[in-house]
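Novice: My questions all concern the structure below.
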Amino acid sequence: MFDLKDKVSLITGGNGGIGEGIANGFADFGSRVAIVGRDEAKCKKAQEKIINNGGEAKYFLCDVASYESVKDCISEVNNEFGSIDILVNNAGTTIRKAPHDLSPADWKAVMDTNLTSVHYFSSIIFNQMKKKKSGKIINIGSMMSIFGAAHAPVYAASKGGVVQYTKSCAIAWAEFNIQVNSILPGYITTNMTDGFRKNFPEDAKLVTSRIPAGRWGVPSDLAGTAIFLASSASDYVTGTFIPVDGAYSIR
């Protein structure tokens, strides 16, 4: 039921953090993994880790904020692995400024990476999934999909948008047997959150004190939920968003 053998998965931002944790989990369950990112050194390292553990992976360089780059990347993945069965829209970035300090360029940079890229990849790969009458799309949101953030307003806005886009696609594509869901990671230890913990230590302490599980998560904590949403076990699950947060969001 949870077998991903011979399934082709494409994971944006699969070269580090949450994306890499999901990529490793998919490979362990038999998926051929396309790691998509901009940093070639990180991509190579992530690819090698999967291969050394007996999995199958290849990296593809892409600027997820560029429609042409996304089209070219998907074409390269198709040429290497064939049609894509599973898409994980994970690529993300943030700029930590108060709302009134955000420039138009700041806003565009975060929105293009976190939200617009989700549409680019999903809308293009949809055509492949429609032909097969099957597909799994997993969009990575955030606790900021639920809560606001004075120090990261454009990040929060983009991740709120991810959830609404997920719901919209789930409704539009259900007739083609394509399931579209979102995972909302809690506070996970990654390079991105390292900046938050360093620059806002008091806020980070408050976060930790609010987590009933008593710890921040690690990227591998997301893998199980992603495997469920990528497998046939979730064929009647679509349009939902699942917090993976150690119960942070319900306290």
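The values are calculated or read from the model by the stated rules, or taken from the named source; none is laboratory data. Note that the structure is a prediction, hence the values are computed from the model and not measured. Because the Cβ atoms are built from the backbone with ideal geometry, glycine has one as well, and the counts that use them run over all protein chains shown. For the accessible areas, the whole protein counts, side chains as well, though only heavy atoms, and no ligand, DNA or RNA atoms are used. Shrake-Rupley method; radii C 1.70, N 1.55, O 1.52, S 1.80 Å.
Novice: Just need a number here: residues in the stretch 229-244 that are in a helix (DSSP H, G or I) and either at pLDDT below 95 or open to solvent by 60 Å² or more (accessible area, probe 1.4 Å) (or both).
Specialist: Of the stretch 229-244, the ones in a helix (DSSP H, G or I) are 229-230, 232-234.
Filter once more, so that each one left must be either at pLDDT below 95 or open to solvent by 60 Å² or more (accessible area, probe 1.4 Å) (or both): 232.
So the answer is 1.
Novice: Have a look at Ala23, Ala34, Ala27 and point out the one that is open to solvent by less than 10 Å² (accessible area, probe 1.4 Å), within 17 Å of Lys7 (Cβ to Cβ) and in contact with a Gly (Cβ under 6 Å, 6 or more places away or on another chain). Let's see the steps before the verdict.
Specialist: Values: Ala34 fails: in contact with a Gly (Cβ under 6 Å, 6 or more places away or on another chain); Ala27 fails: open to solvent by less than 10 Å² (accessible area, probe 1.4 Å).
Step by step, each of Ala23, Ala34, Ala27 is checked, and only Ala23 is open to solvent by less than 10 Å² (accessible area, probe 1.4 Å), within 17 Å of Lys7 (Cβ to Cβ) and in contact with a Gly (Cβ under 6 Å, 6 or more places away or on another chain).
Novice: How about the stretch 168-205: which of its residues are of a type in the set (Phe, Trp, Tyr) and out of contact with any Asp or Glu (no Cβ under 9 Å at 6 or more places or on another chain)?
Specialist: If the condition is that a residue be of a type in the set (Phe, Trp, Tyr) and out of contact with any Asp or Glu (no Cβ under 9 Å at 6 or more places or on another chain), then Trp173, Phe176, Phe200 are the ones that fit.
Novice: For Ala174, state whether it is out of contact with any helix residue (DSSP H, G or I) (no Cβ under 8 Å at 6 or more places or on another chain), at pLDDT 95 or above, farther than 14 Å from Pro243 by Cα and open to solvent by less than 10 Å² (accessible area, probe 1.4 Å). Give the derivation first.
Specialist: Details: out of contact with any helix residue (DSSP H, G or I) (no Cβ under 8 Å at 6 or more places or on another chain): yes; at pLDDT 95 or above: yes; farther than 14 Å from Pro243 by Cα: yes; open to solvent by less than 10 Å² (accessible area, probe 1.4 Å): no.
Taking the combined requirement at face value, the residue does not satisfy it.
Novice: Taking the conditions exactly as written (aromatic (Phe, Trp, Tyr), crowded, with 19+ Cβ neighbours inside 10 Å, out of contact with any Leu (no Cβ under 7 Å at 6 or more places or on another chain) and part of a helix (DSSP H, G or I)), does Tyr59 satisfy them or not? If you could, list the steps in order and put the result at the bottom.
Specialist: Values: aromatic (Phe, Trp, Tyr): yes; crowded, with 19+ Cβ neighbours inside 10 Å: yes; out of contact with any Leu (no Cβ under 7 Å at 6 or more places or on another chain): yes; part of a helix (DSSP H, G or I): no.
No: the conditions fail for Tyr59.
Novice: Any idea which of (1) among the hydrophobic types (A, V, I, L, M, F, W, C); (2) assigned to a helix (DSSP H, G or I); (3) within 20 Å of Ser122 (Cβ to Cβ) is the one Ala65 doesn't satisfy?
Specialist: (2)
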